[in-house]
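A quick write-up on the structure given underneath.
Values in this text are rule-based calculations from the coordinates and carry no lab data. Just so it is clear, the structure is predicted and the values come from calculations on it, not from any experiment. Cβ placement follows ideal geometry from the backbone for every residue including glycine, while neighbour counts extend to all protein chains displayed.
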Amino acid sequence: ADLASQGLTEHEQDKEERVLTRLLRLAELRQWENRDKKRDYKEALQHKGIQDEVQQLRAQIEEHKFRLRDELGFSHKEVKQDSVMSELDERFSTLCRMGGA
C-alpha cells in the first residue's frame, strides 16, 4: 500500500527489495509445505505396505499354530518353543515396532 501511494506501478513494486524478500520467503514456505505433503504421502504408502505385511504374517502365524497343534499334536508350550514359531514371532514384533500394528 505504501509503494502504491508513492505512485509506483505493480511492476516497480515487485522489484522493491522488501517485496522481493517477502516473495522469496513465501516461495520457501510453499516448497516446505509441498515437501511435507510428499513426505507424508510416502510415509503413508510405506505404512500401508507394513500393515499388509503384518496381516500376512499374522495369517502365517495362525496357520503354523494350527498345523502344529492339530496336525502334529503339539502342546501350547511346545508351540512356543518351536523354532519357526519363534522366528515368526520375532519378525512380527519387529514389524509392530516399525508401526504396522
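For Lys48, the lysines whose Cα comes closer than 28 Å to its Cα, not counting residues fewer than 8 places off in the same chain, are Lys37, Lys38, Lys65.
Here each label is just a point 7 Å from Cα along the line to Cβ, and for Val19 and Lys38 those points are 3.0 nm apart.
First select every other residue whose beta carbon is under 15 angstrom from the beta carbon of Phe92; then total the charges, Lys and Arg +1, Asp and Glu -1.
On the way: positive: Arg58, Lys65, Lys80, Arg91, Arg97; negative: Asp52, Glu53, Glu62, Glu63, Asp82, Glu87, Asp89, Glu90.
Net local charge, Phe92 excluded: -3.
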